[in-house]
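Below: the structure, in structure tokens.
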Amino acid sequence: MQKVAAAAGGQYPTRYPAVAVRFAPGDRVRVRDSAPLGHIRTPFYIRGHVGVIERYCGAFPNPEELAQMRDGLPAQPLYRVRFLQRDVWADYPGPREDTIDIEIFQHWLERT
């Protein structure tokens, strides 16, 4: 039997068999800079950028697998990751502290 993923403190358990949660709020992560074929849920413009885990959202069947008519299991942890806009777009004209939050599945994230 596979473990059910949960955030620190046991929040947000999933009803699906899930891979273990690897990150916590405040962790710095880099989005994999990859361009696999098929249905991808990670925006191209954010790949390769470094952000900070803002929150754990739960574990869900992998939509990239579901699009291929597979079951998407084990479920993948989903995080909201916060990026400084000036780090994403070199010519960003807004305030230096402006951010963008993107929900990204764990298999796209690497610890920095």
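The values are calculated or read from the model by the stated rules, or taken from the named source; none is laboratory data. Not measured: the values here are computed from a predicted model. As a convention, Cβ positions derive from the backbone with ideal geometry for all residues, glycine included, and neighbour counts pool all protein chains shown.
Number of residues in the stretch 49-92 that are part of a helix (DSSP H, G or I) and modelled with pLDDT of 95 or more equals 4. Scanning the stretch 59-89 for residues that are within 15 Å of ARG47 (Cβ to Cβ) and of a type outside the set (Phe, Trp, Tyr) turns up GLU64, VAL81, ASP87, VAL88.
Determine if the stretch 61-77 includes at least one residue that is over 30 Å from ARG15 (Cβ atoms), charged (D, E, K, R), in contact (Cβ under 8 Å) with a residue 12 or more places away in the chain and surrounded by 14 or more Cβ atoms within 10 Å (Cβ to Cβ). No, the stretch 61-77 contains no residue that is over 30 Å from ARG15 (Cβ atoms), charged (D, E, K, R), in contact (Cβ under 8 Å) with a residue 12 or more places away in the chain and surrounded by 14 or more Cβ atoms within 10 Å (Cβ to Cβ). For the stretch 80-97, the candidate set comprises residues that are in contact with a strand residue (DSSP E or B) (Cβ under 9 Å, 6 or more places away or on another chain) and basic (Lys, Arg); within that set, the residue that is nearest to VAL50 (Cα to Cα) is ARG82.
Considering the stretch 36-48, the residues that are surrounded by fewer than 11 Cβ atoms within 10 Å (Cβ to Cβ) and at pLDDT below 80 include one that is nearest to THR112 (Cα to Cα), namely PRO36.
Residues in the stretch 32-48 that are of a type in the set (Val, Ile, Thr), assigned to a loop (DSSP other than H, G, I, E, B) and touching a strand residue (DSSP E or B) at 6+ places or on another chain (Cβ under 7 Å): THR42 only.
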